[in-house]
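Enquirer: Below you'll find the structure I mean.
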Amino acid sequence: MDEESQQIQPEDQSCWATLPDVCLRRVFWWLGDRDRSSAALVCRKWNQMMYSADLWRHRTITFSGRPSRVHASEFESALWYVKKFGRYLEHLEIKFLNPYNAVLTKKFQVTMRGLLSSLGKSNNRLRSLAIQHLELDRLVWRHSIRSSFIKSLSFFLKKMGKHLDYLNLKGARLTVEQGCHVLNSLSYLRNESMATELNIEDFFSHHLAVYSSPQFHKTMATFQNLASLTLNYNCISDELLENLCENNASTLWTINIKCHIHDPHGQVIWGMSWAKLARQAVNLKVNFFFERVMKYERLARILLQEIPVRSISLRSCYFSDPDWSMRPTLLDLLPTFRHTLQKLTFEFNNNHESLDKELHLLILSCRKLFYFKIWAFLDVKFVERILKSQEEGQCALRTLKVRIYTNRYETNEEDRTLREIYRKYRKLIDSELNYFVIAYPMM
């Protein structure tokens, strides 16, 4: 009888019982919180796997900004998670999606106070924190709620600032005083911040001339180890460039600059300030993102030839101005950066002028260009000319994305031509290009 049971036992035993830890950990990695909790009840081994640090190093917590029974437990679940597994966290991202009213912003503020407090007590591993698009200048954020949230965040950053390598507060939209208070928390008791990546795009409210604030310059002087900096053009000044040159030249690789039509962008920056920074920070690459700042005169005073520009994005967001012409920018301004430009993104309404030839010449002149994306009124044959140049080795694109605007509801003719072009260059496209081309009615 014993011999018989010994023969049967291996057959009855589940393969899950002998699954290696590395495989079981991978299974748990794909499960949601609720399923992980259920799986942890199976046996002692699975319960121990639930507390594996690898499962909880990265976390995105999303709060819905709309009142809903479905999302009612989000706030409690976030607190439960941080109290139970917060000590393992290394990368945390928090999203609060379009808050509907002051009741929800208050609930978010109270939850974040508890979450940050618990995390500050139990965690010493956190390297990355992102809290994006809060838009704290909206009316749903009453003064008391906004002040309490800023206080909680600042206190947390004072405790964790020495650990953080990456901070992303994009879209917070604070006053200069509030924003500097938050950023200064990173250097509390040390007079310097060791963060290597900082994203403060739209961190300050629109219309603020941050570049003229001595308080902002003093705050930015505390950052002395930056490798990547993302901010708005209304923060750029000769003083800021001098600070970056003195404190971050040996580490700085990337500056991402957004310039929006509603942000002040008329300040004068000397080319020698950019030139000095480029000489000191030898690996520096600058990426520009323009939104509705399209006129040549404005662009020319921003895009100085001394800047080591890597990519440029120009978006007009469908707005059309019959007095505006893109031709001078394509022919005279952008070729200035032909030796450094690697990425170009265009989105504009050029219904009043044809730019196919100018765009083609620009692509050919930028020998390092590997990414080209455009949404505009174009002839379908423009795509064929680019592919022919690619085939002949005149350009070295790896990504080509084109949306061809038309003034007709039907795009059958354009679609047919695009299919023929694809068949003609299919071998080239499949082997060399991330390719997406479509005709789009712009009515």
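Enquirer: Once you sort the root eigenvalues of the Cα gyration tensor of the chain as a ≥ b ≥ c, which label holds: rounded (a/c under 1.5), prolate (a/b larger than b/c) or oblate (the other case)?
Expert: Oblate, because a/c is 1.5 or more while a/b does not exceed b/c.
Enquirer: While we're here: Output ³J(HN,Hα) for the stretch 371-380: one whole-Hz value per residue in order, computed from phi by the Karplus curve 6.51 cos²θ - 1.76 cosθ + 1.60 with θ = phi - 60°, and x for Gly and Pro.
Expert: 10, 9, 10, 8, 10, 6, 6, 9, 7, 4
Enquirer: Please work out the Cα center distance from the stretch 217-252 to the stretch 274-339, rounded to the nearest Å.
Expert: Comparing the Cα centres of the stretch 217-252 and the stretch 274-339, I get a distance of 20 Å.
Enquirer: Additional query: Relative contact order for the chain: what is it in percent, counting Cα pairs under 8 Å that are at least 6 residues apart?
Expert: Reported relative contact order: 7 percent.
Enquirer: Per the Cauchy relation, a quarter of the hull surface: what is the mean projected area of the convex hull of the alpha carbons in the stretch 19-129, in nm²?
Expert: Dividing the Cα hull surface by four gives the mean projection, 7.5 nm².
Enquirer: What's the magnitude of the charge dipole for the chain around its Cα centre, counting Lys and Arg as +1 and Asp and Glu as -1 at the beta-carbon? Answer in Debye, nearest 20.
Expert: 900
Enquirer: I would also like to ask the following. Extension gain ASP323-ASN434, at 0.36 nm per residue separation less the Cα-Cα distance, in nm?
Expert: So the chain would gain 36.4 nm between ASP323 and ASN434.
Enquirer: Something else: Which shape class, rounded, prolate or oblate, goes with the stretch 350-424 when its Cα gyration tensor gives a ≥ b ≥ c as root eigenvalues, a/c under 1.5 marks rounded, and past that a/b bigger than b/c marks prolate?
Expert: Taking the square roots of the gyration eigenvalues as a ≥ b ≥ c, the stretch 350-424 is oblate.
Enquirer: Let me have the relative contact order for the stretch 15-55, percent, based on Cα pairs under 8 Å that are six or more residues apart.
Expert: 40
Enquirer: Expressed as a whole percentage, what fraction of the accessible surface of the chain belongs to carbon and sulfur atoms when a 1.4 Å probe is rolled over the protein heavy atoms?
Expert: C and S atoms contribute 50 percent here.
Enquirer: Further question on the same structure: Going through the cross-link list LYS368/LYS401; LYS276/LYS343; LYS107/LYS158; LYS170/LYS373; LYS295/LYS368, which pairs have a Cα-Cα distance over 21 Å in this structure?
Expert: Exceeds cut-off: LYS276/LYS343; LYS107/LYS158; LYS170/LYS373; LYS295/LYS368.
Enquirer: Compute the helix-to-body angle for 271-280: its Cα long axis versus the longest principal axis of the chain, expressed 0 to 90° and rounded to tens.
Expert: 50
Enquirer: Now, a different point. So what is the relative contact order for the stretch 273-404, in percent, with contacts set as C-alpha pairs under 8 Å and at least six apart?
Expert: 21
Enquirer: Calculate, for the chain, the solvent-accessible area per residue in square angstrom, rolling a 1.4 angstrom probe over the heavy atoms of the protein chains.
Expert: Here the per-residue accessible area is 51 Å².
Enquirer: Further question: Under 16 Å from a label point 7 Å along Cα→Cβ of LEU333: give me every residue in the stretch 272-289 with its amide N that close.
Expert: 287-289, by backbone N distance to the label point.
Enquirer: Spin-label point model (7 Å from Cα, Cβ direction): what's the ASP33 to HIS262 distance in nm?
Expert: 3.3
Enquirer: Pick from SER37, SER52, SER389: which residue has the top mean-square fluctuation in a GNM of the chain where Cα pairs under 10 Å get a spring?
Expert: SER37
The values are calculated or read from the model by the stated rules, or taken from the named source; none is laboratory data. Not measured: the values here are computed from a predicted model. Positions of Cβ are generated from backbone atoms using ideal geometry, with glycine treated the same way; all protein chains shown enter the neighbour counts. The accessibility values were calculated without ligands, DNA or RNA, using every heavy atom of the protein model including side chains. Shrake-Rupley method; radii C 1.70, N 1.55, O 1.52, S 1.80 Å.
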